[in-house]
Amino acid sequence: MSALTDAVELGVTELVANVVRHVPDRRCEVLILRQPGGVRVEVADGFAQLPAFAVQSGPDDEGGRGLLLLDAVAGKWGVDPVAGGGKVVWFECWCGSGCVAPPL
């Protein structure tokens, strides 16, 4: 359970930090959903620009690694555009061997 908690905390921190850094009004809604065996987190904002992996981050750069970290700790994640502008960035983690996707 500790691995799940750590992964969810890191994922939420990275997504909210992205809002603070990239969304002009710095507003978002965070939804944490408990699911059987895991957690789904959704961070919604009103800015239509979709997040993208940084092309290249240097060792001394302060940013550019958030989505890479999310990709490393989440079982799966994605971005859903919202009609009328905005987006929802989400990720899911499951209990078990770290944060991995459940078997299909």
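The phi-based Karplus calculation (6.51 cos²θ - 1.76 cosθ + 1.60; θ = phi - 60°) puts the 3J(HN,Hα) values of the stretch 15-31 at 5, 5, 4, 4, 4, 4, 7, 10, 8, x, 8, 6, 9, 7, 10, 10, 10 Hz, whole numbers, x for Gly and Pro. The stretch between Val20 and Asp71, if pulled fully straight at 0.36 nm per residue, gains 16.4 nm over its current Cα-Cα span.
Taking θ as phi - 60° and the Karplus parameters 6.51, -1.76 and 1.60, the scalar couplings of the stretch 34-41 work out to 7, 10, x, x, x, 9, 10, 10 Hz in sequence order, x denoting glycine and proline. Net charge within 11 Å of Ala44 by Cβ-Cβ distance, Lys/Arg positive one each and Asp/Glu negative one each, not counting Ala44 itself? In short, -2.
For the peptides 37-44, 87-94, residues were scored by their other Cβ atoms within 10 Å and the scores averaged per peptide; the highest-first order is 87-94, 37-44.
No value in this document is a laboratory result; all are computed from the given coordinates. Just so we're clear, the structure is a prediction, and the values are computed from it rather than from any experiment. Neighbour counts are summed over all protein chains in view; Cβ atoms, including those assigned to glycine, are modelled from backbone coordinates with ideal geometry.
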